[in-house]
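The values are calculated or read from the model by the stated rules, or taken from the named source; none is laboratory data. Quantities reported herein were computed from a predicted structural model and do not represent experimental measurements. Every residue, glycine as well, gets a Cβ built from its backbone with ideal geometry; the counts of neighbours run over all protein chains shown.
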Amino acid sequence: MSPSPFDLLRLLGSGVRATTEPTPAKTVEDSQFKELLDKAKAGQVPSGIEARLADGVSINLSPEQMKRLTIAGDKAEAAGASRAMILMDGLAFTMDVGTRTITRAVKASGLGVVGDVDAVISADAPGPSSHASGDALLKALALADDRSAA
């Protein structure tokens, strides 16, 4: 008769104790998981990666503006973007989404043609002081498209 796996473990004396009843795994309720997944898809789950300025990008931003850039980076990542154009406070920032690095900052009015981004995000402050609306963004993109076609 050959020994059982439990007998072999006892003989080893390694301190490992075999049990016949597995410990139940902690489970997340389906509704909680769906809610968390929806938040992640909407960019509402913070990544913990803070936005930073690349060397050579010289602009002074407040901590509140850096926080808004960080949130915009999380939203861009949730949308699957790798390079994003973030419009904020009359400025346009190009961000490497994976590293949350701002590689370019210019006035939005002097933007010109932008071809190296796969997402455009508005990070203007909420409320009446916000200048960018969906219509304004569409007009700006259409103008840039017209310029590139000419």
Condition met for Lys107 (loosely packed, with under 15 Cβ neighbours inside 10 Å and modelled with pLDDT of 75 or more): yes
Boolean, Val113 is out of contact with any Gly (no Cβ under 9 Å at 6 or more places or on another chain) and either surrounded by 17 or more Cβ atoms within 10 Å (Cβ to Cβ) or under 20 Å from Ala42 (Cβ atoms) (or both): no
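Conditions tested, residue by residue: (1) in a strand (DSSP E or B); (2) among the β-branched types (Val, Ile, Thr); (3) modelled with pLDDT under 80.
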| residue | (1), (2), (3) |
| --- | --- |
| Thr27 | no, yes, yes |
| Gln44 | no, no, yes |
| Gly80 | no, no, no |
| Thr99 | no, yes, no |
Number of the condition not met by Leu91 [criteria: (1) loosely packed, with under 15 Cβ neighbours inside 10 Å; (2) at pLDDT 90 or above]: (1)
Candidate set from the range 1-25 (those that are part of a loop (DSSP other than H, G, I, E, B) and surrounded by 10 or more Cβ atoms within 10 Å (Cβ to Cβ)); member that is modelled with the lowest pLDDT: Ala18
Cβ pairs under 7 Å, 6+ apart, first in the range 61-81 and free of Cβ contacts under 8 Å to residues at least 12 places away in the same chain, second surrounded by 15 or more Cβ atoms within 10 Å (Cβ to Cβ) and among the aliphatic types (A, V, I, L, M): none
